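Reviewing the structure listed below.
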Amino acid sequence: MAKPLQYNSTLIGREDLTSSLSIFKVQPDAELAAGLATFLPGQYGVLGLNNEANPDLGSVRRPMSIVNAPEEKGALEFYVRYVGHPESDNPLTHLLWKIGEGDRMFLGPKITGKFTLEDTVGSEDRRLKICVAAGTGLAPFTSFVRSALLREPGRDLSEFVILHGASYPADLGYVDELNGLRDQHGLRYFGSVSRPKETPDWTGDVGRVEDYFLPERLAELEQRCGLADGELTPARATIFICGLQGTIGKTLTRLIPRGFVPENRKLRRALEVEKEQAASLFFEQYDTTPVIDVKDEELMVTLRQQLREGLSALA
């Protein structure tokens, strides 16, 4: 059996948005906190717990995107959904849901990850940044906009577009904060609910978050983003996606005809992208299922042709 984790942090805040969606605020011990003081928006930390009720299962650790901006000192904030049907027999969320304020836990000694503006397009890039968030995939994008505003108070946030999809209105976490940034700083924030029939009072957008990129809805999205018809291209925008396979795969395949090129090396090889072709679509994946079945040759032939045509139109 693996050695138990040595706890080095304390849960100092917990806000349950629903029975299966919570915000956890984790305060690292002083020595650990000193080493975690500097990180980039979009990076992740590792949370861990020992299974004390069933020690034979040992401990579990999982990476979690950080909601905080680096400029916010103190506790680290994590946006977590309870996994109802886990693949593991020792899921972290089942242990997290048993703890409360004041309980001890493990936090990894490093904050890391390349899903950042600095590691993708560069912090000075002023194209639209269209952030596609499924569920708790909202976390890194909240860090993006919080940090931008803290570094430059009063900043116009209209270069950021956050598209957030969830099953129900109650699952649209951080909605009040993001609506405030929309009203006061120009953030383009749109929330969409995929099960509107179960919440008849909902009057906002409906459908899965990737449905904003359906061909029949692209013109409306462009208008909302301040773009002219047909301007949603890599010349004017970059795409960031965080969530599960379905959201990433469908967003990608719907944007390839516009000339958006993924950063992912495996996909670039399968799409026969030239080495010097700049990436314009980036994603952070929560599951391990491939976002596109690159062994589906019929699909890949179609996508290669669409990408070539999309890139030719931009030339």
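Every residue, every condition in (1) over 23 Å from ASP16 (Cα atoms); (2) in contact (Cβ under 8 Å) with a residue 60 or more places away in the chain; (3) not acidic (Asp, Glu), yes or no:
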| site | (1), (2), (3) |
| --- | --- |
| ARG146 | no, yes, yes |
| LEU150 | yes, yes, yes |
| VAL161 | yes, yes, yes |
| HIS164 | no, no, yes |
Check on LEU49, more than 25 Å from the chain's Cα centre (by Cα), open to solvent by less than 70 Å² (accessible area, probe 1.4 Å) and within 14 Å of GLY108 (Cα to Cα): no
Within the stretch 129-170, track down each residue that is open to solvent by 20 Å² or more (accessible area, probe 1.4 Å) and farther than 20 Å from SER194 by Cβ. ARG146, LEU149, LEU150, ARG151, GLU152, PRO153, GLY154, ARG155, ASP156, SER158, GLU159
Out of curiosity, is ASP29 free of Cβ contacts under 8 Å to residues at least 40 places away in the same chain and within 14 Å of GLY74 (Cα to Cα)? yes
Pick from the stretch 1-25, criterion free of Cβ contacts under 8 Å to residues at least 60 places away in the same chain and within 18 Å of ASN50 (Cα to Cα), ranking: surrounded by the most Cβ atoms within 10 Å (Cβ to Cβ): PRO4
Which numbered condition ASP211 misses (of (1) within 20 Å of the chain's Cα centre (by Cα); (2) of a type in the set (D, E, K, R); (3) modelled with pLDDT of 95 or more; (4) not in a helix (DSSP H, G or I)): (4)
Residue satisfying all of: in the stretch 278-315; surrounded by 15 or more Cβ atoms within 10 Å (Cβ to Cβ) and polar (S, T, N, Q); nearest to PRO257 (Cα to Cα) among these: GLN306
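Being assigned to a strand (DSSP E or B) and of a type in the set (A, V, I, L, M) is the filter; apply it to the stretch 217-255 and report the residue that is nearest to ARG304 (Cα to Cα). It would help to see each step written out before you state the result.
Taking the stretch 217-255 as the starting set, the residues that turn out to be assigned to a strand (DSSP E or B) are 237-243.
Subset that is of a type in the set (A, V, I, L, M): 237, 239, 241.
On the way: ALA237: 21, ILE239: 19, ILE241: 21 Å.
Selected residue: ILE239.
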For PRO63, work out the one condition from (1) assigned to a loop (DSSP other than H, G, I, E, B); (2) open to solvent by 20 Å² or more (accessible area, probe 1.4 Å) it doesn't fulfil. (1)
Scan VAL193, VAL209 and give me the residue that is crowded, with 18+ Cβ neighbours inside 10 Å, under 17 Å from GLY246 (Cα atoms) and in contact with a Pro (Cβ under 8 Å, 6 or more places away or on another chain). VAL193
The stretch 68-98, residues that are touching a Leu at 6+ places or on another chain (Cβ under 6 Å) and more than 23 Å from PRO140 (Cβ to Cβ): ASN90, LEU95
Working only within the stretch 112-128, note down all residues that are under 20 Å from LEU47 (Cα atoms), of a type outside the set (Ser, Thr, Tyr) and open to solvent by 30 Å² or more (accessible area, probe 1.4 Å). LYS114
Taking the stretch 174-187 on its own, how many of its residues are open to solvent by 40 Å² or more (accessible area, probe 1.4 Å) and touching a residue at least 60 places away in the same chain (Cβ under 8 Å)? 0
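Picking from GLY42, GLY74, which residue would you name as being open to solvent by less than 60 Å² (accessible area, probe 1.4 Å), closer than 27 Å to PHE115 by Cα, at pLDDT below 95 and in a loop (DSSP other than H, G, I, E, B)? Spell out the reasoning first.
Values: GLY42 fails: at pLDDT below 95.
The match here is GLY74.
The values are calculated or read from the model by the stated rules, or taken from the named source; none is laboratory data. Keep in mind the model is a prediction, meaning the values are calculated, not measured. Cβ coordinates were reconstructed from backbone atoms using ideal geometry, including for glycine residues, and neighbour counts include every protein chain displayed. To get the accessible areas, we keep the full protein, side chains included, count just its heavy atoms, and leave off ligands, DNA and RNA. Shrake-Rupley method; radii C 1.70, N 1.55, O 1.52, S 1.80 Å.
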